[in-house]
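Engineer: Dropping a structure here in structure tokens format, bear with me for questions.
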Amino acid sequence: MSELETNLGDVERILVRFRNKTLPHFINGKPDPGRSNEVFESVTPIDNSLIGQVASGNAEDIDVACQAAEEAFKEWKVISGKERKKILHKVADAIVDNACEIALVESYDSGQPLKFMSKAAIRGAENFRFFADLAPTARDGQALPADEHINYSIRQPIGPVGVITPWNTPFMLSTWKIAPALAAGCTVVHKPAEWSPYTAMMLSEIAHAAGLPAGVLNCVQGLGESAGKSLTEHPAIKAVAFVGESTTGSHITRQGADTLKRLHLELGGKNPVIVFDDADLDRALDAVVFMIFSLNGERCTSSSRLLVHEAIQDEFTAKVVARVAKLKVGNPLDPNTEVGPLVHDRHFQKVCSFFGYAVEDGAKIVAGGNAVAGNGNFVEPTVFANARNDMRIAQQEIFGPVLTVIPFKDEADALALANDTEYGLAGYVWTNDIGRGHRMAQNLDAGMIWVNSENNRHLPSPFGGMKASGIGRDGGDYSFEFYMETKNVCVALGTHRVPKLGK
Ligand code: NAD
């Protein structure tokens, strides 16, 4: 039996509990069918066949989940950091124990290749371990002695928080928000994306089975405009951590205004990878191909604009095209597959529309440029050459396995092109000139710059974007800053004169 057949058998075994059933919410430590009979269908992008129905949460469901999170917060916020650390490590252990199942379901549900999803599930466990270890010191502050007073700061968890996540790498991304929130002492109501609902349920179940008290992590399934909106408007929710599109970030900002929500927004990107003619071109080639064609190009940090020095434009583009021709497109459960189907028919239609825009705007399709025939949402890995930065393929986030190649003349031109976008999430620079690498890093308007590297991630480092790519940073203490309030305590040493009024 091939590995694909084994994985198909395994995923069916795991999905039996979801097949043709209604996926419930998870509220106050147990599955919850919801307060209405409304459901939506969930399909696999492999062939658009039905997986099952999903409860479509409404304002009442969100209210019940928020009340559970508010009640649980009373206990969770006072549990010692050491105890939170212990519980969160148990959650991490349980994720590792279930990593194969999580990866198979994620891959089947979202279309992202198992090759990457198995690592993503383990990364989810690492996120829990990293923040678990910080839990005992998460509330530490500073001592700030003044002349006649001593000031010190302490941090306390902000309260119940909302976490709203997208469908790309959904399990790993949700742990990136949920783990620090729980480590800080907050409780969570999670609203996962409607196109990839299953592994969010698995996370809630696994975490509670591992010892997380009831109500500390709740999951309400549903649509953005109903369940998501209600969550951002609920008065019990003190902060919302959101990952998704920039336009949704604007909606959430408006929705959260009346209740003065603290917001962290991780939004879209149109990230440049800039290849100078003095770069190590073999390594640059590996990184360029990896950063747009892994995870189906459905990745916020994907390098979707290749800015290449004009002297090497033809040679380098030809090498990219040769590599693209060898990419293995296919069933995401096949461990050899490098590019799987796009998450949903609507997203597939969107990505395909750019094949037409490219030609209309005068670019040349040098690889791919077509949908793959069949019932699934597969597109050919695609390269657009001879593009200009003002074309739609260079300005809009396509979020698929599609690369736009734009030549530049010199460093100043490269910088101007790279920054000429509404987004500012990530930037990649390839050069063997150290000074130039640092200069570009200083001048690029993006939250994260990698020089001579793909998007290597170090968990204490800040992660987030500028401009339309977001507000706020994740990672290490940056995450705790978001999930906690800082309080200053000022104590007099008894030597100063208190001002006297009315004497
Ligand atoms: P999306 O904005 O359509 O949806 C994200 C989530 O928001 C979903 O759970 C959705 O139901 C919910 N939502 C939608 N409307 C809402 C509303 N009015 N109120 C509250 N919630 C609402 O994004 P998507 O299509 O699921 O994800 C892809 C996008 O996510 C891309 O733009 C990608 O760049 C971005 N992304 C960014 C990062 C980052 O770190 N910057 C990481 C991953 C993905």
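Engineer: For Ile95, indicate whether it is in contact with a helix residue (DSSP H, G or I) (Cβ under 7 Å, 6 or more places away or on another chain), closer than 30 Å to Gly376 by Cβ and assigned to a helix (DSSP H, G or I). Break it down into steps so the answer makes sense when it comes.
Structural biologist: On the way: in contact with a helix residue (DSSP H, G or I) (Cβ under 7 Å, 6 or more places away or on another chain): yes; closer than 30 Å to Gly376 by Cβ: yes; assigned to a helix (DSSP H, G or I): yes.
So Ile95 fits the description; yes.
Engineer: Do we find that Ser246 is within 9 Å of the ligand (Cβ to nearest atom), over 20 Å from Gly34 (Cα atoms) and small (Gly, Ala, Ser) in this structure?
Structural biologist: Yes, satisfied.
Engineer: Cβ-Cβ below 7 Å, separation at least six or inter-chain, first residue in segment 202-214 and in the same structural domain as His89 (by TED's automatic domain parsing), second among the aromatic types (Phe, Trp, Tyr): which pairs?
Structural biologist: What qualifies is Leu203/Phe171; Ser204/Phe26; Glu205/Phe26; Pro213/Trp76.
Engineer: Please count how many residues of segment 251-286 are within 24 Å of the chain's Cα centre (by Cα), assigned to a helix (DSSP H, G or I) and either farther than 23 Å from Glu481 by Cβ or near the ligand (Cβ under 9 Å from one of its atoms) (or both).
Structural biologist: 5
Engineer: Next up: Can you give me the number of residues within segment 458-471 that are over 15 Å from the mean Cα position of the chain (by Cα), within 15 Å of the ligand (Cβ to nearest atom) and of a type outside the set (A, V, I, L, M, F, W, C)?
Structural biologist: Selection size over segment 458-471: 2.
Engineer: While we're here: Report, by residue number, each residue of segment 386-445 that is among the hydroxyl-bearing types (Ser, Thr, Tyr), more than 16 Å from Asp277 (Cβ to Cβ) and out of contact with any strand residue (DSSP E or B) (no Cβ under 7 Å at 6 or more places or on another chain).
Structural biologist: Within segment 386-445, just Thr421 meets the criteria.
Engineer: Right, another one. What are the residue pairs meeting all of these: first residue in segment 242-264, first residue touching a residue at least 24 places away in the same chain (Cβ under 8 Å), second residue assigned to a helix (DSSP H, G or I) and within 11 Å of the ligand (Cβ to nearest atom), Cβ atoms under 6 Å, and 6 or more apart or on different chains?
Structural biologist: Phe242/Ile252; Val243/Leu173; Ile252/Thr232; Gln255/Lys229; Gln255/Thr232; Gln255/Glu233; Gly256/Thr232
Engineer: Looking only at segment 133-185, filter to residues that are farther than 30 Å from Thr248 by Cβ and of a type in the set (A, V, I, L, M); which one of those is surrounded by the most Cβ atoms within 10 Å (Cβ to Cβ)?
Structural biologist: So, considering only residues that are farther than 30 Å from Thr248 by Cβ and of a type in the set (A, V, I, L, M), the one surrounded by the most Cβ atoms within 10 Å (Cβ to Cβ) is Ala135.
Engineer: Spot the failing condition for Asn443; the list is (1) in contact (Cβ under 8 Å) with a residue 12 or more places away in the chain; (2) under 30 Å from Arg123 (Cβ atoms); (3) not hydrophobic (A, V, I, L, M, F, W, C), and only one is missed.
Structural biologist: Asn443 satisfies every listed condition except (2).
Engineer: All but one of (1) touching a Gly at 6+ places or on another chain (Cβ under 8 Å); (2) assigned to a loop (DSSP other than H, G, I, E, B); (3) within 29 Å of Pro197 (Cα to Cα) hold for Gly374; which doesn't?
Structural biologist: (1)
Engineer: Considering only segment 44-51, I want to know if a residue exists there that is in contact (Cβ under 8 Å) with a residue 40 or more places away in the chain, part of a helix (DSSP H, G or I) and acidic (Asp, Glu).
Structural biologist: No, there is no match, as no residue in segment 44-51 is in contact (Cβ under 8 Å) with a residue 40 or more places away in the chain, part of a helix (DSSP H, G or I) and acidic (Asp, Glu).
Engineer: Can you tell me which of Leu223, Leu203 is within 26 Å of Gly81 (Cβ to Cβ) and either near the ligand (Cβ under 10 Å from one of its atoms) or modelled with pLDDT of 95 or more (or both)?
Structural biologist: Within the list Leu223, Leu203, the selection yields Leu203.
Engineer: Which residue pairs have Cβ atoms closer than 9 Å, lie 6 or more positions apart in sequence or on different chains, and pair a first residue in segment 119-131 that is over 14 Å from Pro180 (Cβ atoms) and in a helix (DSSP H, G or I) with a second residue that is among the charged types (D, E, K, R) and at pLDDT 95 or above?
Structural biologist: So the pair list comes out as Ala120/Glu106; Ala121/Glu101; Ala121/Glu106; Ala125/Asp93.
Engineer: Just one of (1) of a type outside the set (Phe, Trp, Tyr); (2) over 28 Å from Glu3 (Cβ atoms); (3) surrounded by fewer than 24 Cβ atoms within 10 Å (Cβ to Cβ); (4) touching a Ser or Thr at 6+ places or on another chain (Cβ under 9 Å) trips up Arg123, so point out which.
Structural biologist: Here Arg123 meets the rest and fails (2).
Yes/no per residue for (1) in contact (Cβ under 8 Å) with a residue 24 or more places away in the chain; (2) outside the structural domain of Gly124 (by TED's automatic domain parsing); (3) under 22 Å from the mean Cα position of the chain (by Cα):
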{"residue": "Pro401", "(1), (2), (3)": "yes, yes, yes"}
{"residue": "Ala412", "(1), (2), (3)": "no, yes, no"}
{"residue": "Leu425", "(1), (2), (3)": "yes, yes, yes"}
{"residue": "Tyr428", "(1), (2), (3)": "yes, yes, yes"}
{"residue": "Arg436", "(1), (2), (3)": "yes, yes, no"}
{"residue": "Asn456", "(1), (2), (3)": "no, yes, yes"}
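Engineer: Please tell me if Glu83 is under 23 Å from Ala207 (Cα atoms) and either at pLDDT 95 or above or part of a loop (DSSP other than H, G, I, E, B) (or both).
Structural biologist: When the stated conditions are applied, Glu83 passes them.
Engineer: Another question, then. Count, please, the residues in segment 404-432 that happen to be under 22 Å from Pro381 (Cα atoms) and more than 16 Å from the ligand (Cβ to nearest atom).
Structural biologist: Qualifying residue count for the region: 3.
Engineer: Same structure, new question: Name every residue in segment 1-43 that is in a strand (DSSP E or B) and farther than 18 Å from Glu225 by Cα, in order of residue number.
Structural biologist: Scanning segment 1-43 gives Thr22, Leu23, Phe26, Ile27, Lys30, Pro31, Asp32, Val43.
The values are calculated or read from the model by the stated rules, or taken from the named source; none is laboratory data. Quick caveat: nothing in here was measured; it's all calculated off a predicted structure. Reconstructed Cβ throughout: ideal geometry from the backbone, glycine too, with neighbour counts over all protein chains shown.
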